[in-house]
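The values are calculated or read from the model by the stated rules, or taken from the named source; none is laboratory data. Keep in mind that this is a model prediction, so the values were computed, not measured. Backbone-built Cβ (ideal geometry, glycine too); neighbour counts: all protein chains shown. Surface accessibility is based on the protein's heavy atoms, side chains included, excluding ligands, DNA and RNA. Shrake-Rupley method; radii C 1.70, N 1.55, O 1.52, S 1.80 Å.
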Amino acid sequence: VAIIGYADQIIRMNAERTLHGGFVYHPDSKEMQLFEEDFPFVETEDQSQAILAIKADMTSVKAMDRLICGDVGYGKTEVAMRAAFKAVVDGKKQVAVLVPTTVLAMQHYESFIERMSNFPINIGVVSRFCSSKEIKETLKKTAEGKIDILIGTHRIISKDVIFRDLGLIVIDEEQRFGVRAKEHLKALKTGVDC
């Protein structure tokens, strides 16, 4: 009975996503082009294909559900950063980056800060390495729309975390999250690219 109920929820959620659709992003802005030119390496063919596919998804009426697979060192983080940058700059939307561990949250936070340092994007992090006061201030800024990209562990899918205008969810190593985390994500995902 529980499996049937769970399957019914998944079908309903997917139907809602199909009916509601997603936010249609504008074509690449000058800032997006500058961000891409700021990449210090040459994109691999696979990276370029993934980036083009994501942009096609983001500029369509359908809410994106895209899985990017690749070995360590493939450049998946850059692909995610391009999508996050587009959501913030070309869509004026917020981004949630969900990661399974505190160490990975801090690594992504530092990578995003460094990569986006030449652009006016506010990035926040929520993890066990942050004090209660820091977390409270970050969540307040997120609710007010003053944080563009929020990176964190399962803490960012808690019920007290409110986004002013969430447009994109990036999940790193999705297989490492449990059923409860995925249940809450389903509620967040209606009309949001993932």
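General remarks:
- Some residue of region 167-183 being closer than 22 Å to residue 54 by Cβ, of a type in the set (Gly, Ala, Ser), open to solvent by 20 Å² or more (accessible area, probe 1.4 Å) and not in a loop (DSSP other than H, G, I, E, B): no
- Matching entry among 142, 153 (being of a type in the set (Ser, Thr, Tyr) and in contact with a Pro (Cβ under 9 Å, 6 or more places away or on another chain)): 153
- Looking across 172, 160, one residue alone is at negative phi, within 12 Å of the chain's Cα centre (by Cα) and of a type in the set (D, E, K, R). It is 172.
- Tally of residues being acidic (Asp, Glu), in contact (Cβ under 8 Å) with a residue 24 or more places away in the chain and in a helix (DSSP H, G or I) across region 32-43: 1
- Scope region 22-43; condition more than 23 Å from residue 118 (Cα to Cα), in contact with an Asp or Glu (Cβ under 9 Å, 6 or more places away or on another chain) and open to solvent by 30 Å² or more (accessible area, probe 1.4 Å); matching residues: 23
- Condition met for residue 179 (modelled with pLDDT under 85, aliphatic (A, V, I, L, M) and touching a helix residue (DSSP H, G or I) at 6+ places or on another chain (Cβ under 9 Å)): yes
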